[in-house]
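Remarks on the structure that follows.
What follows draws every value from the coordinates through simple rules; no lab data is involved. From a predicted model like this one, the values you see are computed outputs, not experimental measurements. When we count neighbours, we look across all protein chains shown, and the Cβ atoms used for this are built from the backbone with ideal geometry, even at glycine.
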Amino acid sequence: MISSVVQSFEASSPDLEHLRVPCLTCVACKLFETRRNVVFGEGDPDAKLMIIGEGPGEDEDRTGRPFVGRGGQLLDQILSAAAIPRASVFIGNIVKCRPPGNRNPEPDEVIACDGWLLEQIKLIRPQIIVTLGNVPTQWALDTKLGITKTRGQWGEFKKLGAPIAVLPMFHPAYLLRNPVRTVGGPKWLTWQDIKLVKSTLEELPEKSVAVRLEIPQTGLF
Ligand code: SF4
């Protein structure tokens, strides 16, 4: 169903607002039955950096906005600490409707929903994608590796042709449960990751310049 909507969208006026309209009434998977709002995503439609989380939580379902609950507040703090304005980023989720009880999205839900996300990536053309947690990381990198193995290491998103650099990071909800700041702890590792994102953003050419980002192999610092 999404594919036919996307085809008619691409044949009309392809921009994020035109994509938002059909997305807000999507019923392509079972998550539509329990949602209050579709959380389309928000931010700069021309962002260099796109952040992809797992799925809306209770606060996001209530407001229709991504990352506004406690996890979102922590994400804001992480971005702010690295001097990355939230408004300069596009923030969304791999599924647009809340999985009941904040469970992880199930594979059939990810498959049903990722057409919306792929269209968003096509339109925004980010130069860096940060994936938060297992589900978006495994989707973006086509891997079964868990986030503890992948975080902090550059990968490539190749689903749309020219590769886009991907840096997996811990999900803020995980950091809320594991707020260890000492060297090697989850918060310390996240600080290293966001500093890497910031320094890479600063080195990027303007988006109008078609230059592929050379991805360094960083390991775990
Ligand atoms: S989660 Fe995605 S595919 Fe499922 S109903 Fe919501 S918008 Fe549609």
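Tabulate in residue order the Karplus-calculated ³J(HN,Hα) for segment 80-90, using 6.51 cos²θ - 1.76 cosθ + 1.60 with θ = phi - 60°, rounded to whole Hz; enter x for Gly and Pro.
These are the phi-based 3J(HN,Hα) values: 5, 4, 9, 6, 10, x, 4, 5, 8, 10, 9 Hz.
Hey, quick one: spin label on Arg36, modelled 7 Å out along Cα-Cβ, who in segment 95-112 has an amide N within reach, i.e. under 17 Å?
It comes to 96-103, nothing else.
When only Cα pairs under 8 Å and 6 or more residues apart are kept, what is the percent relative contact order across the chain?
RCO, the chain: 20 percent.
Quick check on the exposure proxy: order Glu54, Glu206 from fewest to most C-beta atoms within 10 angstrom.
Glu206, Glu54
If you look for lysine pairs in the chain that are eight or more places apart or on different chains, how many of them have Cα atoms under 20 Å apart?
Number of lysine pairs found: 22.
Please report the equivalent ellipsoid semi-axes of the chain, computed as sqrt(5 x eigenvalue) of the Cα gyration tensor, largest first, in whole Å.
After diagonalising the Cα gyration tensor, the semi-axes are 26, 21, 16 Å.
Name the trypsin sites (Lys or Arg not before Pro) in segment 50-136 that are in a loop by DSSP and that have at most 16 other C-beta atoms within 10 Å, would you?
Arg103
Using the Cα centre of segment 2-203 as origin and beta-carbon charges of +1 (Lys, Arg) and -1 (Asp, Glu), tell me which of Thr131, Gly64, Ser88 is placed farthest towards the positive end of the dipole.
Thr131
Using a simple spin-label model with points 7 Å from Cα along the Cα→Cβ vector, what separation in nm is obtained for Trp191 and Val27?
Placing both labels 7 Å beyond Cα along the Cβ direction yields 5.0 nm.
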